[in-house]
Amino acid sequence: MALIGNAIERARTERNLTQTELARRAGISRQALGAIESGAYHPGVAIAIRLARELDATVEALFGEPDAETSTLVEARWFDDARRPAPAQTRVALARVGGKVVAVAQPVAHLTLATAAGVVQRARRHRVDVCTFRLPNEIDSTLLMSGCDPAVTILVDWLARRRSHVHAVAIPCSSRAALRAVVDGRAHVAGVHLRDQRSGEYNLAPIRRTLGDRHSVVVNFARWELGLATAPGNPLAIDGFADLQRPGLRIVNREDGSGARSALDQALRELGIKPERVAGHHFEVGGHLEVAAAIATGQADAGVTIRLGADAYGLHFIPHRDERYDLVFMEHEAESMPIKAMLDALNSRRFAREISQLCGYDTAQMGQVIHS
């Protein structure tokens, strides 16, 4: 219904007609036309024909229901860069978060061609019109997960194998950026591994600082090992963080706001090492696998990542600490289809075993509510 209303309003605007003028020409009240454009009222055949005639369009173009082979324009909220509109033809994922459709930029390719829900056709500062083949129910059943865990791809595969109506889309970013995405309504879920330096507790204090008095639910995904990765065989004999200040040794770093960056900076502070004494401290990449890839390709000699990242590239790994990775979502989303599908997966012992076997994570607490 909303898509039909959008089509009528768009056609009216293109012809420089006010609601009052179009309503008069079609022989209906302005209130009735407003209800049609808002999607609250579907007109009968006679009114549909009169509106189509006055707008110089076909009834099918204005009132036809979209099918799987017809693309449509969907207006969505845009957050990626508030300083400028989204470039045309930007590939995006579409989902409904907090009752509003949001568009999130997706990479064109990352070793393989990335999927997308559509491309941007027209942009304003905080809004975009996206040409999409996705139906409204497909957008409503999309789960946007922000965070840095590479295992999100396994959840995507799990939902597909279960023939779930829900499709998960990963938004790679730091833990703090993930929390901001949930607060701003750009994602349903934030993945977080941030250690509070005062208490040593994971995630709850940073979540409170970012979300304030907003009601959220925190569930555990897994525990993993964070540490230093080096080249296979550790040819430079790196023993720990103290070695990172050695002349000629280069590191690869994560962005500010990430759990890995926080762990590195804390370790350097405790050792009395200034960041500027560590070559490569400003060489930042956007994920655990990216850190491992930079080391594997010789761009760096060491970096903080999780054991999964090191194992994926056959790197040497020096454990630093065990961390808890939690998933955070707003309480009002708890009954939504995407969140319920995610929780069903987290409460499946088979899914927990799969994550444990494929990633080496400790999933004993997976699905457990940490805070609500």
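The values are calculated or read from the model by the stated rules, or taken from the named source; none is laboratory data. Computed from a prediction, not measured in an experiment: that's the story for all the values here. Positions of Cβ are backbone-derived with ideal geometry, glycine not excepted, and every protein chain shown enters the neighbour counts. All accessible areas refer to the heavy atoms of the entire protein, side chains included, with ligands and DNA or RNA removed. Shrake-Rupley method; radii C 1.70, N 1.55, O 1.52, S 1.80 Å.
Details
- Rounded accessible area of THR90 (nearest 10 Å², 1.4 Å probe): 30
- The residues ILE139, ILE47, sorted by heavy-atom accessible surface at 1.4 Å with ligands and nucleic acids left out, run ILE47, ILE139 from largest to smallest.
- The Cβ shell under 15 Å around ILE295 holds other residues with a net charge of -2, Lys and Arg each +1, Asp and Glu each -1.
- Where CYS131, CYS148 fall by accessible area, highest first, once all protein chains stay in place (1.4 Å): CYS131, CYS148
- Area of HIS126 that stays accessible when all protein chains are in place (1.4 Å probe, Å², to 10): 90
- R0 of 45 Å, Cβ-Cβ distance VAL59-SER348: FRET efficiency to nearest 0.05: 0.40
- Two-site FRET efficiency, ARG30 against ASP213, from Cβ-Cβ distance with R₀ of 35 Å, rounded to 0.05: 0.25
- Difference of contour (0.36 nm per residue) and Cα-Cα distance, VAL45 to ASN137: 30.6 nm
- Using alpha-carbon coordinates, inclination of helix 337-346 to the longest axis of the chain, degrees: 30
- Net charge of the neighbourhood of ILE355, taken over other residues with C-beta under 13 Å away and scored Lys/Arg +1, Asp/Glu -1, is 0.
- ASP311 contributes an accessible area of around 90 Å² to the protein surface, as traced by a 1.4 Å probe with all chains present.
- Dipole magnitude (debye, nearest 20) for the chain, charges at Cβ of Lys, Arg, Asp, Glu: 700
- Region 189-209 residues near the modelled GLU331 label - backbone nitrogen below 15 Å, point 7 Å along Cα→Cβ: 208
- Convex hull volume per residue, computed on the Cα atoms of the chain, equals 156 Å³.
- Accessible area, probe 1.4 Å, largest first, for residues SER258, SER38: SER38, SER258
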